[in-house]
Every structure is written in structure tokens, then in C-alpha cells.
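The values are calculated or read from the model by the stated rules, or taken from the named source; none is laboratory data. Every value quoted in this text rests on a predicted model; they were computed, and no experiment measured them. No Cβ is skipped: glycine too gets one built from the backbone with ideal geometry, and neighbour counts run over all protein chains shown. Accessible surface areas use protein heavy atoms only, side chains included; no ligands, DNA or RNA. Shrake-Rupley method; radii C 1.70, N 1.55, O 1.52, S 1.80 Å.
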Amino acid sequence: MTSTASSALGLPLLQAVEGELHIWVDADEGAEELVQLARAAVAASPASLRVAVDAEWSDPHPISLLQLAVSIDDGPPTVFLIDMVRPPSASSLEWCRKLLVGQHDILVFSPKEDQKRLQEAGLLPGDVVLEELGWIDVQRWDWGLGNQPGLQAVVAWALGHWMDKSLQTSNWDQRPLSTAQKAYAALDASVLLRLHRCDRRALPQRRLRAERSAEESPERLKDLLMSEEQDRWNSYRQQPQRQRPRVRNGEAREKNGDLCFIIPPALNRLMRKLRGLGLDTKILKEGSPQRELVETAEEEDRIILYYNTKNLLPARVSHRTYMLRSTVPDEQLREVIEAFDVDVDSDCLCGRCVQCNAWDWQLVGREQVKNNPQVAEKTLESFDEFWLCGGCGKIYWEGKMFVKALSHFRSFMPEAERQREEQLEVRTKELEALGWSVARIRGALVREGLLSAEQALEEDEVEVVTNGYASSTSAAPHVAACGRQSSRALLAVIPALCLFTGRCSGGAPVVAERSQPLRVPQGLLTAPSPLTARPLFRTPTCCTPVRRKAAKQRS
């Protein structure tokens, strides 16, 4: 987590305490210091000795780095960073085993996986079970944060500091480790000693767990009013112990960055719409058990969007579960936007890959995708810019589907419906004054959200040529490139009538002022009339250029 995110929470970044010592131990260095301190620690009274244990790994090694934070008489800890890729001598590892098992306090945090890997590495007896080790699991203490809070959440709540966990999944097999990796690994162990010393009774009192379970039970979640949901999720987003802090100002990708969802496979259509709004949405594979939904939500601090009220989720995840009311994907999306106060921003639209959820785009040219089977020859002829997803390699281009998707997602913006009609006419006139073509104006208006997909995609047009008369007056009818849906049909009717009469409303003959033929959308010409089943307008035979030329030759 960056300092920006830390400041957004109002919490200082967790740092090593004064006097804390970090010693690197491998095959070449640090072994002597380890043996000396371990011998003194084991000789001390068990009541005065505390050892905090943690481990980092990158497969295939069972353990890449072992961290032992040793404190005697509550003094500043000494943290040994023991390299298990290039391990020290067997005698040095034997002293590590004595620190891992004994009558002294041994502090750990959610140690199930650590114990398994320590046994694989030969640092713990293979036949011993976790309960027999006598380790103190700090996660199990009643912090008032649920059954299995994360270390980051506990540190934020109990110590008032933000613990940077961004290096947790870094490469722990590389050598040498970076300075930041060593500092992170040392803090992962030494912070347990600080949590052990903190007075939990002095922490701000939170509601009793039984009260929270009753108030946020899965049964009650179905009956919450939308206003209650909004209050509940607004409070949830403000919690300082969350792994994903809320960032109100920043780039498009950071908008709603704390809203990360996970959904069951049946909500696939909702997943595509959530990703279309730029929301981080993970979906389980078909056939995945409900247990995986719960565990992933807890491990990755995700919000569960759920719908199956007959098969309720465990009460321990009720605080991170939203029960969808509707079964229609569009209405479900509106629910999520309203309940979670989603900032639907134009820069976020189509921001994530619907295939893999990544927000990693590379703009490439026609030559770079020429031989890719995802792009057909006809598509290559029509487009020269493509977007390549850095997560899965899927290729996108701004064609009809993109226009439709963009327009669809814009309809979920709160201000879109209120402002589009007011801004459409003004913006169209501005672009026309710049001499832009109809196609260019249409593309600009779609991007700015002022033009709907129906209007933008009316590309199948019929060319109508006037019958040779021209008008020099400004009273000649004009069809705007785009306008209100209610007025477009009327505007298209006027020039079509003029084809028959040869005159405009002012009595002057209508003659084309430019060689480009007037273009009228085909849908408007072929719309059925209440008076006749034939097309509403049809160009007279004598008005077409080919027929007119043939008529002159015959005469």
C-alpha cells in the first residue's frame, strides 16, 4: 500500500520500533549472531522470552525465508531473517528449532500454512499437530473484527498504523532480496510482539459480536430498505481496518477502488456489466463450491453479491454480503450503484476486460494484429487502431459493439438523462461550426455521452438526390447530424416532401447547394405510415441521375 493510500485512511505507516535490529542469516553470514542470541534466549527464564514467527515462500520451495523476532524482558526485538534458499549450517538450524518449540511464548498469526511448510522444510517434527505446539495464535484473540481478521486490519485497529502488505506476493526466491522486502519480512514478525503487549481493554469498544450477528444476519439482509443498505455500506467503506481503503480523488482506475466484488457463476451477465463500469469483479468458475466464495471474499477483502436466499451464506460474512433483490441484470446493476454509492465516471466505462477483469491496455496498430485469429480481414480493413488486454491478450476495437456498450453504460450515469437533451443541440452546433463531418460528429457525441446507440448506429442510409433545382435562400430545409429523437422524423419529412414539390416553405425552388447528396437514415424513409403500408417516401423515378440521363438521350 502506498503512502497515498495510508494518508487516505488518516493512519501513519507502520515502521520498526526504535532499537529493533535486523540480522540476515544465510550460508555465509549471520549464523554466529543467531547462535549466540539463541543460546542466551534459551538459557533465560521462559516467562521473559517471547519469539514471534513468520515465513515467506515462493513455490516450489516450501519456505524461502524464515523470520524469528526474539525479545527478552520486553526489550527491543532482534529479528533474524533466515535464508532458506541458501540456508545456514545444520547447527544454526538446530537453534532455530529450539526457538520454534519450547516453554516460552511463541507468537504466530494464522499459522496453519506456516506450520505445514515448516514441517516440509524439516524445522518442525512431522508428526506434531498444531495444537500440541502451544503456539499463541494472535488472530484468535477477540479484536472485535470478526472471526478471522487479517493482520493488516488488526494492526490498523489495535496499533493505529497502516501495515503495507504490497510485497506479500513478491518473489521471495530471488537473491538478493530488496531492502524493502527485508523490511517488510521483519515487520511481519516483530509486529506480533507489539500486538502481544497492547492493552486490548483500552481499545474503543465495538458492538458485541452477538449483536452484530443478529443485526446483520443473512435473513435480515433480505429485508433491509435501500436507505439502510446505503448507510450500512457507507459505514463499511469508511472502516480503517479494510485492506482496500477508499480513495475519493485520483485517476479513473482509483475511482471505486475499494469496491471489489466476488459473485457466483450464475451472475455472469451482471459480472460483464460491473466490469463495464470499471468495477473490480471476480467470478467463480462453474461448479465451484460455496465455501470457495466465502474463503476468497475473506482472503481478498471482497464484497459478495449474492441472490440465492434458499442457500444462505455463513453469518461470519454477512457484513460483506449484499443480497440482490432483482433477477434482471440491468436492475441488479442499478441496485449496486445505488447501494454502494458507485461513482459512475465516463473515464471508467469499458475500463476492465470483460474476459479477465484486468485494467491493463496497450494501443496497437493494424500490423501488430494482422495475423491474430481474433481479428478478421474485414475488421482489419475497417479499423487501424486496436486495444490489447495485458491480462489475457484479448483484442478489442471501437466498432459497433463498442459504441453500443459505451452508450449502454452511459445510461447508468445519474446526470446522463438530465443533461443529454440540453447539451446535445449546443454541442452539435459547435462541432458543425468547426466543419466536422457527420461521422466525426457522431463519434465525438457518442464518446461524450450525448448521442445514443440507436442514433449513432444508423449507418445504413439511402442517398436521395434532388431533382435539379437549387435554392439560394436560407429557408431551405436542413436535417441536423443528430438531434432529439422526437424531432428527427419531422426534420426528415420536410426534405422528402420537397423532392415531390420542388419547393420549400418559402416558395423558392429547392436545389442542391453542394454536390454531396442529402443523406437520410433508411429507418426514417421506410417507417410505416398510418395511412399506407408502402414506404413513407420514395424518390421519383425521373429524379434519379441514371434515369434522367437516359431520358435526355431518348429525347
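The table below gives the values:
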{"quantity": "Selected residue [modelled with pLDDT of 90 or more and either on the phi > 0 side of the Ramachandran plot or outside any loop (DSSP other than H, G, I, E, B) (or both)] from 291, 269", "calculated": "269"}
{"quantity": "Selection count, region 181-210, where residues are open to solvent by 20 Å² or more (accessible area, probe 1.4 Å) and modelled with pLDDT of 50 or more", "calculated": "13"}
{"quantity": "Test: residue 213 is modelled with pLDDT of 75 or more and among the hydroxyl-bearing types (Ser, Thr, Tyr)", "calculated": "no"}
{"quantity": "Contacts under 7 angstrom Cβ, first residue in region 363-375 being touching a residue at least 24 places away in the same chain (Cβ under 8 Å), partner hydrophobic (A, V, I, L, M, F, W, C), 6 or more apart", "calculated": "363/387; 364/386; 364/388; 369/375; 369/386; 369/395"}
{"quantity": "Flag for residue 108 being of a type in the set (Val, Ile, Thr), over 41 Å from the mean Cα position of the chain (by Cα), closer than 21 Å to residue 190 by Cα and surrounded by 14 or more Cβ atoms within 10 Å (Cβ to Cβ)", "calculated": "no"}
{"quantity": "Candidate set: region 146-166, residues that are crowded, with 19+ Cβ neighbours inside 10 Å and aliphatic (A, V, I, L, M); chosen: the one farthest from residue 296 (Cα to Cα)", "calculated": "158"}
{"quantity": "Residues (surrounded by 12 or more Cβ atoms within 10 Å (Cβ to Cβ) and either part of a loop (DSSP other than H, G, I, E, B) or in contact with a Gly (Cβ under 6 Å, 6 or more places away or on another chain) (or both)) located in region 126-143", "calculated": "128, 134, 135, 141, 143"}
{"quantity": "Residue under evaluation residue 83, criteria (1) within 38 Å of the chain's Cα centre (by Cα); (2) open to solvent by 30 Å² or more (accessible area, probe 1.4 Å); (3) of a type outside the set (A, V, I, L, M), criterion not met", "calculated": "(2)"}
{"quantity": "Criterion: modelled with pLDDT of 80 or more, over 17 Å from residue 275 (Cβ atoms), surrounded by 13 or more Cβ atoms within 10 Å (Cβ to Cβ) and under 30 Å from the mean Cα position of the chain (by Cα) - qualifying residue of 436, 397, 387, 361", "calculated": "397"}
{"quantity": "Top-ranked residue of region 2-16 - restricted to ones that are under 15 Å from residue 191 (Cβ atoms) and surrounded by 13 or more Cβ atoms within 10 Å (Cβ to Cβ), ranked as modelled with the lowest pLDDT", "calculated": "11"}
{"quantity": "Residue 355 polar (S, T, N, Q), more than 21 Å from residue 150 (Cβ to Cβ), open to solvent by 10 Å² or more (accessible area, probe 1.4 Å) and within 14 Å of the chain's Cα centre (by Cα)", "calculated": "yes"}
{"quantity": "Qualifying residue in region 59-73 (condition: within 41 Å of the chain's Cα centre (by Cα), of a type in the set (D, E, K, R) and surrounded by fewer than 22 Cβ atoms within 10 Å (Cβ to Cβ))", "calculated": "yes"}
